[in-house]
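*Asks:* First, the structure itself, so that you have it in front of you.
The values are calculated or read from the model by the stated rules, or taken from the named source; none is laboratory data. Not measured: the values here are computed from a predicted model. Note that each Cβ is placed from the backbone with ideal geometry, even for glycine, and that neighbours are counted across all protein chains shown.
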């Protein structure tokens, strides 16, 4: 099955838990709304791409890991958009969860998505139970204390921000988890996949900073100029647009070079090259030069 | 080791993750603040009491389950206290997390506590890995969609509240998880322990309603009269004080009768009797009569 179809299927099955009679209807609707329709699903695609490069001997386990990672990402978006943080009115081209369902349901939907991620992973790993604990540790670490996305978001509340720790925690950690858990889900050695995840995470963050100043808000699905508005650290503010584009390309090259020997290495390199073009389209590169 | 000592130890070890250099300091402090000093630790004490009644052959696993349940309970308190919900100024006799650390850190501390619960459980279950998945399913189900505490809290956002579903999800679910996971952690059959957890959960909810109208706010560690203020469903509003006290005693009796045959049945019954006196002290019973 095609990866994006696998991802949508496993997410739909996970979210179906909300359809049980007796589930509070607003919460159920908000959880579904936060997950569908999705964004680029870049983290679960990375997870499945690594699993496939490693042979993908237990597709249900890889699917569950990919879904858990995407559910945790969706949870972080819902909470980041809350009035006390970004107070974002839109997300993925539609009203943010708190605009559509109210702040209380948005808090709870984020919580429910975190729990659902661990539930989905546990269920999906039943086919290879010895892989469950390492997957839980890998994915849990990428979200929680001391270095996961929650910690990354908390750096935004500190007077002094350690820029590298901020980026690594807020964006990088879940990319590392996606790459590493793709390998673990397929029974491969995880350690070698860290650099790939780390480089892609940083590249993705730089691309996000670039598109925050150079993209069309309609295509982006959210307002542009948010980094400037919120005084957030940004690669463009630090390096200029041209410098940021150069940094992005360097990081994507590092990611490709970091692919460890595996059956699907070449195909994975091709996927990463395609992803680079999607993340920073040619027009922006031209505009920056 | 004495149960409350075990609980404080395993919670301290779990929260120590926040001490890593590189963890954002406000988040680390808020997570610690939300867990220590604790309340009555009633859920983890129930978990350990059931594990001990079942032989407690893997104390590290029982400790991890107990800690996970308490961390999830702390997370729910932090989020329930947020301005968009109860806007509670105090909790456990001190300023609530959002009053002490701000709303943003309170949102993130709740998120971090949820993740930490699953992390702690995974680490602690290493001694008996075949018990990990059932513990994760039991505990995850008690928190998430469709019937866990997050769902319970979401019923407060609905115009029409299904009262029994509300109570069962908001309070009962974590008590059921505590009892059942105590049995699972000790390698016992879980199913027989559901009724005990369910009855104690409802009894605890009724006791909470009673103390909301009849207790001293200094002893309670939070303001009284909150149910009336927030128009929340309450056993006292429904049955009167005397009726609520009678219902409480009936539920505690049901819990004791529900103890399945196990090595420590008698000791567990004694613990539940003690707990009944702690939850609804004699003066309140006299006051109600």
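*Asks:* Considering each residue of the range A:14-23, count those that are in contact with a helix residue (DSSP H, G or I) (Cβ under 8 Å, 6 or more places away or on another chain) and part of a helix (DSSP H, G or I), and give that number.
*Replies:* Number satisfying all stated conditions: 5.
*Asks:* Tell me, please, whether a residue that is closer than 27 Å to residue B:81 by Cα, within 18 Å of the chain's Cα centre (by Cα) and not in a loop (DSSP other than H, G, I, E, B) can be found in the range A:120-132.
*Replies:* Filtering the range A:120-132 for residues closer than 27 Å to residue B:81 by Cα gives none.
Looking through the range A:120-132, none of the residues is closer than 27 Å to residue B:81 by Cα, within 18 Å of the chain's Cα centre (by Cα) and not in a loop (DSSP other than H, G, I, E, B).
*Asks:* I need the full set of residues from the range B:138-148 which are assigned to a helix (DSSP H, G or I) and within 7 Å of another protein chain (Cβ to nearest Cβ), in order please.
*Replies:* B:140, B:143
Residues are listed down the side, and each one gets a yes or a no for (1) in contact with a helix residue (DSSP H, G or I) (Cβ under 7 Å, 6 or more places away or on another chain); (2) more than 14 Å from every other protein chain (Cβ to nearest Cβ):
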{"position": "B:7", "(1), (2)": "yes, yes"}
{"position": "B:10", "(1), (2)": "yes, yes"}
{"position": "B:25", "(1), (2)": "no, no"}
{"position": "B:32", "(1), (2)": "yes, no"}
{"position": "B:41", "(1), (2)": "yes, yes"}
{"position": "B:58", "(1), (2)": "yes, yes"}
{"position": "B:78", "(1), (2)": "yes, no"}
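*Asks:* Moving on to the next point. Within the range B:107-137, can you find the residues that are buried (at least 23 other Cβ atoms within 10 Å of the Cβ) and more than 8 Å from every other protein chain (Cβ to nearest Cβ)?
*Replies:* Restricting attention to the range B:107-137, the residues satisfying the condition of being buried (at least 23 other Cβ atoms within 10 Å of the Cβ) are B:107-122, B:124-125, B:132, B:135-136.
Once the filter is applied, which keeps residues that are buried (at least 23 other Cβ atoms within 10 Å of the Cβ) and more than 8 Å from every other protein chain (Cβ to nearest Cβ), the range B:107-137 yields B:109, B:113, B:117, B:120, B:121, B:124, B:135.
*Asks:* For the range A:88-106, name all the residues that are farther than 17 Å from residue A:25 by Cβ and more than 11 Å from chain B (Cβ to nearest Cβ).
*Replies:* The answer is A:88, A:89, A:90, A:91, A:92, A:93, A:94, A:95, A:96, A:99.
*Asks:* Can you tell me which residue in the range B:149-160 is surrounded by the fewest Cβ atoms within 10 Å (Cβ to Cβ), limited to those that are within 7 Å of chain A (Cβ to nearest Cβ) and either within 24 Å of residue B:17 (Cβ to Cβ) or touching a residue at least 12 places away in the same chain (Cβ under 8 Å) (or both)?
*Replies:* Result: B:155.
*Asks:* While we're looking at this one, here's another question. Mind listing whichever residues of the range A:159-169 are at pLDDT below 90 and in contact with a helix residue (DSSP H, G or I) (Cβ under 6 Å, 6 or more places away or on another chain)?
*Replies:* Hits for the range A:159-169 are A:161, A:166, A:167.
*Asks:* Name the single residue that is farthest from residue B:66 (Cα to Cα) among those in the range B:139-148 being under 16 Å from the mean Cα position of the chain (by Cα) and surrounded by fewer than 24 Cβ atoms within 10 Å (Cβ to Cβ).
*Replies:* Top of the filtered list is B:147.
*Asks:* Of all residues in the range A:257-270, count the ones that are surrounded by fewer than 16 Cβ atoms within 10 Å (Cβ to Cβ) and not in a loop (DSSP other than H, G, I, E, B).
*Replies:* Number of matching residues: 6.
*Asks:* If you check residue B:63 against the conditions, is it out of contact with any strand residue (DSSP E or B) (no Cβ under 8 Å at 6 or more places or on another chain), on the phi < 0 side of the Ramachandran plot, away from every other protein chain (no Cβ under 14 Å) and in a loop (DSSP other than H, G, I, E, B)?
*Replies:* For residue B:63, the condition - out of contact with any strand residue (DSSP E or B) (no Cβ under 8 Å at 6 or more places or on another chain), on the phi < 0 side of the Ramachandran plot, away from every other protein chain (no Cβ under 14 Å) and in a loop (DSSP other than H, G, I, E, B) - is not met.
*Asks:* Related question: Please verify whether the range B:43-53 includes one or more residues that are more than 16 Å from the chain's Cα centre (by Cα) and not in a helix (DSSP H, G or I).
*Replies:* no
*Asks:* Take the range B:187-204 and flag every residue that is outside any helix (DSSP H, G or I) and over 14 Å from residue B:133 (Cα atoms).
*Replies:* B:188, B:189
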